[in-house]
Amino acid sequence: MSVEDYRRAGFGGRLEPGDRPALLVVDFVRAYLDRASPLYAGVEAVLASAARVLEAARAGGVPVVFTTVRYQAGGADGGLFYRKVPALEVFQAGSPLGESPRSWPPGRERWWSPSSTPAPSSAPPWPPA
């Protein structure tokens, strides 16, 4: 499919920013930053930019949600994809490679792992009372 095919199908629309912004940090973990990791991606420059965005969000009181991939020991909940990609073992629970970069100090953010946890359906309203 071409870009024009997607446009004709109605993709590429825009939404105006909402009234309650949030920062969603998707799968930003050490596995992509550690040269010893089989998933190393060489994205250190991206880490610096993301850290600035995270700092600004925290300073502005914007809610921050991190997502990560986390599998049970042995990949019991990983299914066929886990079996297909052995490098995903770095995301087993307890692995430091599945944690946030060391340069990011902990905050009050929420962590969510869609691979093994249902979406938070009863999250408290933001900002907290």
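The values are calculated or read from the model by the stated rules, or taken from the named source; none is laboratory data. Note that the coordinates shown come from a computational prediction; the quantities given were computed from them, not determined experimentally. All Cβ positions, even for glycine, are placed from backbone atoms using ideal geometry, and neighbour counts span all protein chains on display.
Can you tell me which residues in the stretch 35-66 are crowded, with 16+ Cβ neighbours inside 10 Å and over 20 Å from Glu99 (Cβ atoms)? Scanning the stretch 35-66 gives Val62, Pro63. Does Gly74 count as without any contact (Cβ under 8 Å) to a residue 60 or more places away in the chain and either polar (S, T, N, Q) or assigned to a loop (DSSP other than H, G, I, E, B) (or both)? It is false that Gly74 is without any contact (Cβ under 8 Å) to a residue 60 or more places away in the chain and either polar (S, T, N, Q) or assigned to a loop (DSSP other than H, G, I, E, B) (or both). Using the structure shown, decide if Val69 is modelled with pLDDT under 90, within 15 Å of Gly98 (Cβ to Cβ), out of contact with any strand residue (DSSP E or B) (no Cβ under 8 Å at 6 or more places or on another chain) and not acidic (Asp, Glu). It is true that Val69 is modelled with pLDDT under 90, within 15 Å of Gly98 (Cβ to Cβ), out of contact with any strand residue (DSSP E or B) (no Cβ under 8 Å at 6 or more places or on another chain) and not acidic (Asp, Glu). Aliphatic (A, V, I, L, M), closer than 18 Å to Trp104 by Cα and more than 18 Å from the chain's Cα centre (by Cα), is that true of Ala59? Against the criterion (aliphatic (A, V, I, L, M), closer than 18 Å to Trp104 by Cα and more than 18 Å from the chain's Cα centre (by Cα)), Ala59 qualifies.
Test Leu24 against the criterion of being in contact with a strand residue (DSSP E or B) (Cβ under 7 Å, 6 or more places away or on another chain) and surrounded by fewer than 17 Cβ atoms within 10 Å (Cβ to Cβ), and give yes or no. Steps first, answer last, please.
Details: in contact with a strand residue (DSSP E or B) (Cβ under 7 Å, 6 or more places away or on another chain): yes; surrounded by fewer than 17 Cβ atoms within 10 Å (Cβ to Cβ): yes.
Here the answer is yes, as Leu24 does meet what is asked.
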